[in-house]
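Student: What follows is a single structure, and I will ask about it in a moment.
The values are calculated or read from the model by the stated rules, or taken from the named source; none is laboratory data. No experiment lies behind these values; they were computed from the predicted model shown. Positions of Cβ are generated from backbone atoms using ideal geometry, with glycine treated the same way; all protein chains shown enter the neighbour counts. Just so you know, the surface numbers come from the protein's heavy atoms only, side chains and all, with ligands and any DNA or RNA stripped out. Shrake-Rupley method; radii C 1.70, N 1.55, O 1.52, S 1.80 Å.
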Amino acid sequence: MSVVTATTPIRKNSGWRLFLQTVIGRAYPRVIGQQREKSWMFFEVLLPLINVAAYVYVYRAIGAPEDYVGFVVIGGAMIAFWMNVLWSMSSQLYWEKEQGNLALYIISPAPLMAILLGMAVGGMIATLLRAGAIIALGTWLFNVQYVVMNPWQLLAVFVLTMVALYGLGMMTASVFLLFSREAWHYVNLAMEPVYLLSGFYFPLKNLGFWVALGASIIPLSLGLDAMRQLAFRSGPSLGFLSVPLEIGILSVLSVVFLVAARWLLKTLERLAREEARLTENRR
Amino acid sequence: MTTETHLDDLAIKTEALSRIYKIRGAKKGEMRERVALEDINLSIPRGELFGLLGPNGAGKTTLIKILTTLLSPTRGRAWVAGFDVVRESDKVRPRINMVSGGETSGYGLLTVRENLWMFAQFYGIPSRQAHQRIQTLLEMIGLADRANTKSSDLSTGLRQKMNIVRGFMTDPEVLFLDEPTLGLDVQAAREVRAFIRRWMDENPSRTILLTTHYMQEAEELCDRVAIIHEGRILACDTPDHLKQEVQHEAIFQLLVETEQPLNSLALENLPGVLRLHHQWMNGGLQLEISLAEEGVLPLVIGELERQQAHLRSLQKRQPSLEDVFVQLVGLRMEEVERERGNGYHPNTQE
Ligand SMILES: Nc1ncnc2c1ncn2[C@@H]1O[C@H](COP(=O)(O)OP(=O)(O)OP(=O)(O)O)[C@@H](O)[C@H]1O
Ligand SMILES: [Mg+2]
């Protein structure tokens, strides 16, 4: 009879090590697992590309400036992140609850914030793969020309957009702790208008100043606007606000979303514990 | 004597613990209350395998949820491994783990080994050590050959073995098992029980709180058993002591053949007959009858003859926890569950 389990006491890290391990652990199924079923290449790269192609042909048919083709490719790639945030961040805690994972996360010593961060990082990496494929294929298929004067600024904008976007995802995820089945509807509700408001396929400026300003609460809108300005010849003339200003707003949004996520998570977790909503529905 | 002085030796302690659920009534805006736990006082020393036995809806899962920091008590307090589950939940969590029957945790795209490794990360166990431990436990429970199978491809029994490894691998001071053998076939259930017993025997400081509604499981596995019904603990002792309560009764199993329906009331009303339970079994009627003493038996047989029921077999039975439950509640556990299934909720109030 084995006595191994009795004789080797196990070491358990705490503090920042535990936090880091949790982030990596929760990111793992997204980074590794999600690539196992090869069907993602069809559903998450080819289908979006077909969508992009439709816009490309429309723009070409009406004789729009060639840069618009590039806008569409970039927009098509960034939509992947938005879909990921909606389906795999915001509503995720609801699914985790139904599956029984949430209860196990909560009873573990891992901070829930680290779980959320792991979900975000994992989702971001998996989506980066898809978005990268969309950009590479789109650029090649439609012969997109980029003019990048300031690659570091472009990188900074992209990173900030990601932080703000996934921060928003973490924030809404905690709200979903309190939801049950209706969670589904809210996600659907958020999907379509955002396509329009964030200017995935056309410059944000076209919406008019006030609508564009309102849309800026969605980090993708400003992020995309700044990226267009930084990557295309005609970009600057079509920009909504100046790039430095957009970077400033994105930074503020990042901080606000992350702080709010932390606070909401704490508060709503407590509330959910009192109202018996941390576990799947009454059995 | 304050609770603090002896909390150190106790794995679990509860004081007047109660939980009331608010549920939506039939009418709009109407709220009802359901008392799931009422005034639970438990002291479970370290090293004990403690069983919570009760029918559906007794409050077993509710109690586990409170003790594992998933649910707030409505009243009362509880300590696990010496820490208050509400105020010091961060100290409780590194010391506990939980496995539930029929659990579907983890991610189907990951293999058994990967799923387990992931959960080990949430406890801060370094990767190398986690992998060693997972391997050892997989071998112990007989799942090592499936370590690289995607968890979505596992059968219910194998999946539950994976869950068991998940719960045990963090070497918790206090482990909560909520109906760990639920839905398993006889063989798998037996293996899981053997694993649990073995794990307890390896280290005398380990504690398990296990819920079940299988009498036999409680009897076979647990050092002490609490019988819980409608949110209250009715009795709490070792299985032997509990059974001694009904030891003075003589319990017989009779198989009879009869043409016409049996008048069971006439049997129950015989002096010295304490309880009677009957059910149809392939062609015959099985009677289970508790008597104040053996001497009452001839009376029973006489009454059966008078009703023209022919005795086919007769057997004296040792008392079981089922008899204890019947004595405490007045119904067999399955009868309680059948009534609940019909929408009967004794503990719901406006
Ligand atoms: N979230 C909830 N909201 C409202 N009522 C609940 C909730 N969870 C449980 N209940 C009710 O509380 C009572 C106790 O339920 P609990 O799940 O603790 O019982 P149990 O002993 O675990 O039963 P089972 O053997 O079916 O698992 C039941 O009447 C149940 O219907
Ligand atoms: Mg239960």
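Student: Under the 0.36 nm per residue contour assumption, what length would be gained going from the current alpha-carbon distance of B:GLN129 and B:SER152 to full extension?
Tutor: 5.8 nm
Student: Taking amide H atoms as placed 1.01 Å from N in the peptide plane, list the residues 5 or more away in sequence, or in a different chain, whose amide H sits under 5 Å from that of A:ALA276.
Tutor: Result for A:ALA276 returns B:SER72.
Student: Rg and Dmax of chain B, using alpha carbons, in Å: what are they?
Tutor: So, for chain B, Rg and Dmax equal 23.4, 75 Å respectively.
Student: Among A:TRP82, A:PRO9, A:ILE50, whose Cα projects farthest towards the positive end of the dipole of chain A, with charges put on the beta-carbon of Lys, Arg (+1) and Asp, Glu (-1)?
Tutor: So the residue we want is A:PRO9.
Student: How big is the equivalent ellipsoid of segment B:104-195 along its three axes, where each semi-axis is √(5λ) from the Cα gyration tensor, reported in whole Å from largest to smallest? Walk me through the intermediate numbers first.
Tutor: Values: eigenvalues 75, 48, 28 Å².
After diagonalising the Cα gyration tensor, the semi-axes are 19, 15, 12 Å.
Student: Quick one: which of A:LYS12/B:LYS91; A:LYS266/B:LYS28; B:LYS13/B:LYS161; B:LYS60/B:LYS243; B:LYS65/B:LYS91 span more than 24 angstrom between C-alpha atoms?
Tutor: A:LYS266/B:LYS28; B:LYS13/B:LYS161, as the Cα separations exceed 24 Å there.
Student: Segment B:195-215: which residues show an accessible-area loss of 40 Å² or more, assembly versus chain alone, 1.4 Å probe?
Tutor: Listed in order, they are B:ARG198, B:GLU202.
Student: Continuing with the same structure: I'd like the FRET efficiency for A:TYR195 and B:THR104, computed as 1/(1 + (r/R0)^6) with the beta carbon distance as r and R0 of 25 Å, rounded to 0.05. Walk me through the numbers before you get to the answer.
Tutor: Values: r = 34 Å, r/R0 = 1.35.
E(calc), rounded to 0.05, equals 0.15.
Student: How much accessible area per residue does segment B:133-179 have, in Å², with a 1.4 Å probe?
Tutor: Values: 1370 Å² over 47 residues.
About 29 Å² of surface per residue is accessible.
Student: Can you run phi through the Karplus equation (6.51, -1.76, 1.60; θ = phi - 60°) for segment A:257-272 and list ³J(HN,Hα) in whole Hz, with x for Gly and Pro?
Tutor: Going residue by residue, I get 4, 5, 5, 5, 4, 4, 5, 4, 4, 4, 5, 6, 5, 5, 4, 5 Hz, with x marking Gly and Pro.
Student: Pull out a ≥ b ≥ c, the square roots of the eigenvalues of the alpha-carbon gyration tensor of segment A:103-181, then state rounded if a/c is under 1.5, prolate if not and a/b is larger than b/c, and oblate in the remaining case.
Tutor: It comes out prolate by the Cα gyration axes.
Student: Still on this model: Can you tell me the 0 to 90 degree angle between the C-alpha axis of helix A:47-61 and the longest principal axis of chain A, rounded to 10?
Tutor: Its long axis makes an angle of about 20 degrees.
Student: Can you tell me the convex hull volume per residue for segment B:1-127, based on C-alpha atoms, in Å³ to the nearest whole number?
Tutor: 169
Student: Taking the Cβ of A:LEU154 as the centre, find all other residues whose Cβ is under 15 Å away and add up their charges (Lys, Arg: +1; Asp, Glu: -1). Let's see the in-between values first.
Tutor: Working: positive: A:ARG228, A:ARG233; negative: A:ASP225, A:GLU246.
The answer is 0.
Student: In addition: When only Cα pairs under 8 Å and 6 or more residues apart are kept, what is the percent relative contact order across chain B?
Tutor: Working: 640 pairs, mean separation 67.6, N = 350.
Computed value for chain B: 19 percent relative contact order.
Student: On each of the three principal axes of the Cα atoms of segment B:145-197, give max minus min coordinate, whole Å, ordered largest first.
Tutor: 31, 25, 17
Student: At 222 nm, what helix-only mean residue ellipticity would chain A give, in deg cm²/dmol to the nearest 500, using -39500 (n - 2.57) for each DSSP H run of four or more?
Tutor: Values: 13 runs with 197 residues, N = 283.
My calculation for chain A gives -23000 deg cm²/dmol from helical runs alone.
Student: How charged is the neighbourhood of A:GLN35? Take every other residue with its Cβ under 14 Å from the Cβ of A:GLN35, and add Lys/Arg as +1 and Asp/Glu as -1.
Tutor: +2
Student: I would also like to ask the following. Please compute the per residue accessible area over chain A with all protein chains in place, 1.4 Å probe, rounded to a whole number of Å².
Tutor: For chain A, the per-residue accessible area is 46 Å².
Student: Compute the normalised compactness of chain A: alpha-carbon radius of gyration over 2.2 N^0.38 Å, N being the residue count.
Tutor: Output field value: 1.11.
Student: What is the sum of charges around B:THR111, taking Lys and Arg as +1, Asp and Glu as -1, for the other residues whose C-beta is under 13 Å from the C-beta of B:THR111?
Tutor: Taking every other residue near B:THR111 into account, the sum is +2.
Student: Which residues of segment A:238-283 end up with at least 30 Å² less accessible area in the presence of all protein chains than when their chain stands alone, using a 1.4 Å probe?
Tutor: By number: A:ARG273, A:GLU274, A:ALA276, A:THR279, A:ARG282, A:ARG283.
Student: Over segment B:180-267, one equal point on each Cα, no solvent: what is log10 I(q)/I(0) by the Debye formula at q = 0.10, 0.14, 0.20, 0.23 Å⁻¹?
Tutor: -0.43, -0.73, -1.06, -1.19
Student: Helix A:112-142 versus the longest principal axis of chain A: what is the Cα-based angle in degrees, 0 to 90, to the nearest 10?
Tutor: 30
Student: With all protein chains present, calculate the accessible area of B:ARG206 using a 1.4 Å probe and round the result to the nearest 10 Å².
Tutor: Taking all protein chains as shown, B:ARG206 has close to 10 Å².
Student: Roughly how far apart, in whole Å, are the Cα centres of segment A:186-239 and segment A:17-84?
Tutor: Using only Cα atoms to place each centre, the spacing works out to 17 Å.
Student: Further, regarding this structure: Could you grab the Rg to Rh ratio for segment B:248-318? Cα atoms only, Kirkwood for Rh.
Tutor: 0.92
Student: Probe 1.4 Å, all protein chains in place: accessible area of A:ILE217 in Å², nearest 10?
Tutor: 100
Student: Could you work out the percent of alpha carbon pairs in segment B:142-231 separated by over 23 Å, rounded to a whole number?
Tutor: Counting pairs separated by more than 23 Å, the tail of P(r) holds 26 percent.
Student: Just the number, please: buried accessible area between A and B, total of both chains, 1.4 angstrom probe, nearest 100 square angstrom.
Tutor: Summed over both sides, the interface buries about 4100 Å².
Student: Once R0 is set to 41 Å, what does the formula 1/(1 + (r/R0)^6) return for the Cβ-Cβ distance between B:ARG338 and B:GLN318, expressed as a FRET efficiency to the nearest 0.05?
Tutor: Plugging the Cβ-Cβ distance into 1/(1 + (r/R0)^6) gives 0.95.
Student: Quick check: convex hull over the Cα atoms of the protein assembly as shown, volume per residue in Å³, rounded to an integer?
Tutor: 208
Student: Of all beta bridges DSSP finds with both residues in the protein assembly as shown, what is the antiparallel percent, to the nearest 5?
Tutor: Restricted to the protein assembly as shown, the bridges split so that about 70 percent are antiparallel.
Student: Using a 1.4 angstrom probe, figure out how much accessible area segment B:240-318 has per residue, in square angstrom, rounded to the nearest whole.
Tutor: Values: 4690 Å² over 79 residues.
I get 59 Å² per residue for segment B:240-318.
Student: With the dipole of the protein assembly as shown worked out from charges on the C-beta (+1 for Lys and Arg, -1 for Asp and Glu) around the Cα centre, which of A:SER108, A:LEU155, B:MET140 lies farthest toward the positive end?
Tutor: A:LEU155
Student: How large, in Å, is segment A:64-147 by the Kirkwood hydrodynamic radius built from its alpha-carbon pairs?
Tutor: About 14.8 Å, per the Kirkwood formula over Cα pairs.
Student: Heavy atoms only, probe 1.4 Å: what % of the accessible area of segment B:2-243 goes to carbon and sulfur, would you let me know?
Tutor: 47
Student: Another question about this same structure. How big is the Kirkwood radius of segment B:87-139, worked out from every pair of different alpha carbons and given in Å to one decimal?
Tutor: The Cα-based Kirkwood calculation yields 12.5 Å.
Student: About its Cα centre, what dipole magnitude does chain A give when the only charges are +1 on Lys and Arg Cβ and -1 on Asp and Glu Cβ, stated in debye to the nearest 20?
Tutor: 780
Student: For segment B:1-81, which GluC sites (Glu not before Pro) pass both filters: DSSP loop (anything but H, G, I, E, B) and at most 15 other C-beta atoms within 10 Å? Don't jump to the answer; show the numbers that get you there.
Tutor: Values: sites: B:GLU4, B:GLU15, B:GLU30, B:GLU33, B:GLU38, B:GLU48; in loops: B:GLU30, B:GLU48.
Hits after loop and neighbour filter: B:GLU30.
Student: Obtain the nm distance between the two label points defined at A:TYR57 and A:LEU178 by a simple spin-label model: each point lies 7 Å from its Cα along the Cα-to-C-beta direction.
Tutor: A separation of 4.7 nm, rounded to one decimal place.
Student: Ignoring ligands, DNA and RNA, please state the percent of accessible area on segment A:14-274 from carbon and sulfur, probe 1.4 Å.
Tutor: Roughly 73 percent of what the probe reaches on segment A:14-274 is carbon or sulfur.
Student: Loop only by DSSP, 15 or fewer other Cβ within 10 Å of the Cβ. Give me the trypsin sites (Lys or Arg not before Pro) in segment B:1-88 that pass, ordered by residue number.
Tutor: B:LYS27, B:LYS28, B:ARG87
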